[in-house]
Number of protein chains: 2
Amino acid sequence: MKFKAEINVMPLRTLLDPQGKAVTGSMKNIGLAEIHNVRIGKHISLEIDASNKEAAQKKTEEACKKLLANPIMEFFEITLEESK
Amino acid sequence: MKFKAEINVMPLRTLLDPQGKAVTGSMKNIGLAEIHNVRIGKHISLEIDASNKEAAQKKTEEACKKLLANPIMEFFEITLEESK
């Protein structure tokens, strides 16, 4: 079976996000002062071959822990679905 | 009213994604060859003050077009909800 995973890797909420802070500042300069609290992370989409959804979830978590996210600075969220 | 937007900015599907390609290659090296077709973009969360959902959507699209995404290389998806 084939699965498609959508992963968000974001800076931990307790940490400063300097890139997000800079973008929040820029919003004011382009006339969008109503926008605030910008946080910027990564969005990753990938495909997995696995025998079932649990196995696919496990593989995806392993990929996040080993390669895609840095747990000291980031957390990740996974959305998994079977792809047609 | 306060709204929260979750935005994905991804490389256009018709373009190569060298960062994603590199990560796909690394998956094999860490024993996750079942994972392929990795694509990497940005995930942005932000808060907006607006009088209604339509206004918030419009502001968010403006921010994406003016600042967050490069339309020549990227497309964006917005998910908007009222924040409590």
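The values are calculated or read from the model by the stated rules, or taken from the named source; none is laboratory data. These figures come from a predicted structure and were not determined experimentally. Every residue, glycine as well, gets a Cβ built from its backbone with ideal geometry; the counts of neighbours run over all protein chains shown. In case anyone asks, the SASA skips ligands and DNA or RNA and just uses the protein heavy atoms, side chains included. Shrake-Rupley method; radii C 1.70, N 1.55, O 1.52, S 1.80 Å.
General observations
- Per-copy distances of the A:K4 label point, shortest first, in nm (7 angstrom along Cα→Cβ): 2.5
- Protein-only accessible surface order, largest first, of B:K2, A:K4 at 1.4 Å: B:K2, A:K4
- Rolling a 1.4 Å probe over the protein heavy atoms of chain A, with every protein chain left in place, gives an accessible area that is 56 percent carbon and sulfur.
- Taking every protein chain into account, the accessible area of region B:2-82 amounts to 55 square angstrom per residue (probe 1.4 Å).
- Label spacing, shortest first and in nm, from A:P71 to its equivalents in the remaining copies (7 angstrom along Cα→Cβ): 4.3
- For chain B: Kirkwood Rh in Å [reciprocal of mean 1/r, alpha carbons]: 14.5
- Number of partner chain Cβ atoms within 10 Å, mean per residue of B:15-25: 1
- Protein heavy-atom accessible area occluded, A/B pair - total, 1.4 Å probe, Å²: 2800
- Shielding by partners for peptide A:55-67, expressed as the average number of C-beta atoms from other protein chains within 10 Å of each residue's C-beta, is 3.
- Closest-to-axis residue of chain A (Cβ criterion, axis taking A to B), whole Å: A:H43, 2
- Cβ-Cβ FRET estimate between B:K2 and A:M1, R0 fixed at 45 Å, reported to 0.05: 0.65
- At R0 = 22 Å, FRET efficiency that the Cβ-Cβ distance of A:H36 and B:T79 yields, to 0.05: 0.75
- Estimated Rh, the protein assembly as shown: Kirkwood, alpha-carbon pairs, angstrom: 16.9
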